[in-house]
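S.K.: This structure is in structure tokens; I'll ask about it shortly.
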Amino acid sequence: MQQLNSLMFRQYDIRGVVEKDLNDDTLALLSKAFSVFFLQHGVKKVVIGKDNRDSSEPFSHIISDILQKYGISVIDVGTVATPMFYFASKILDIPAGVMITASHNPKEYNGFKVLLGPSTIYGDEIQQIYQLSNNPD
């Protein structure tokens with residue numbers, strides 16, 4: 001079984017090199033971990049946003065498909081800047097979601113900011129996503 005690179009799980013986000021760290025298989029593991037994490041926190045609906053990197057659009061489809069398989073409704077707000085993702089979450093009253101972005105990093109990177117409640121998760125909660133991604137159950 002493929003595992004995710006632990007170095008992708010940083011203090012405030014999850015970030016890796018596309019095709020090396022992030023491919024269809026690893027993204028499926030990560031998306032399942034997002035799903036379980038959200039369900040553990042009672043989340044039934046999420047917002048997904050993405051930046052304009054080439055990998056962001058296909059990544060959003062994979063994440064959305066897997067979240068929906070776990071029974072989580074997805075509102076895709078499209079290609080937006082990260083502040084617009086947060087604004088959409090507030091205006092739609094959906095305090096959970098995933099923003100697909102590697103921020104200021106070079107184009108070969110992509111990543112994820114995970115929103116839960118009033119802000120994105122960090123620290124131990126990011127590590128929970130990592131632990132969930134390595135759990136085959």
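The values are calculated or read from the model by the stated rules, or taken from the named source; none is laboratory data. Keep in mind that what you see is a predicted model, and the values were worked out from it rather than measured. Cβ atoms come from the backbone with ideal geometry, glycine included; neighbour counts cover every protein chain shown. Side chains included, ligands, DNA and RNA excluded: accessible areas come from the protein's heavy atoms. Shrake-Rupley method; radii C 1.70, N 1.55, O 1.52, S 1.80 Å.
S.K.: Which whole-angstrom value gives the distance between the alpha carbon centres of segment 1-61 and segment 112-132?
M.R.: 11 Å
S.K.: Can you give me the P(r) profile for segment 76-120? Cα pairs, bins 5 angstrom wide beginning at 0, each as a whole percent.
M.R.: Calculated P(r), rounded to whole percents: 6, 23, 32, 22, 11, 5, 1.
S.K.: Would you mind estimating how fast segment 8-56 diffuses translationally, via Stokes-Einstein at 20 °C and 1.002 mPa s with the Kirkwood radius over Cα pairs, in µm²/s?
M.R.: Details: Rh = 12.3 Å.
The diffusion coefficient I find is 174 µm²/s.
S.K.: With every protein chain kept in place and ligands, DNA and RNA left out, what is the accessible area per residue of the chain? Probe 1.4 Å, answer in Å².
M.R.: Details: 7020 Å² over 137 residues.
Heavy-atom accessible area per residue stands at 51 Å².
S.K.: Binning every alpha carbon pair distance of the chain at 5 Å from zero, what are the percents per bin?
M.R.: For the chain, the pair-distance distribution reads 2, 11, 23, 26, 23, 11, 3, 0.
S.K.: State the percentage of accessible surface on the chain attributable to carbon and sulfur atoms; use a 1.4 Å probe and exclude ligands, DNA and RNA.
M.R.: Details: 3550 of 7020 Å².
Exposed carbon and sulfur together represent 51 percent of the surface.
S.K.: Turning to a different aspect of this structure: At a probe radius of 1.4 Å, what is the per-residue accessible area of Thr120, in Å² to the nearest 10?
M.R.: Number for this one is 30 Å².
S.K.: Taking the dipole about the Cα centre of the chain, with the C-beta of Lys and Arg at +1 and of Asp and Glu at -1, give me whichever of Leu7, Met99, Met84 is farthest to the positive side.
M.R.: Met84
S.K.: Turning to a different aspect of this structure: Can you tell me what share of the DSSP beta bridges in the chain is antiparallel? A percent to the nearest 5 is fine.
M.R.: Just about 50 percent of them are antiparallel.
S.K.: Count charges around Ala81 for me, please; just the other residues with Cβ under 14 Å from its Cβ, Lys/Arg as +1, Asp/Glu as -1. Display every interim value, and only then the final one.
M.R.: On the way: positive: Lys50, Arg53, Lys113; negative: Asp51.
Here the count lands on +2.
S.K.: Further question: Compactness ratio of segment 25-97: Cα Rg over 2.2 N^0.38 Å, N = residue count?
M.R.: Working: Rg = 11.7 Å, N = 73, 2.2 N^0.38 = 11.2 Å.
Against the compact-globule rule of thumb, the ratio is 1.04.
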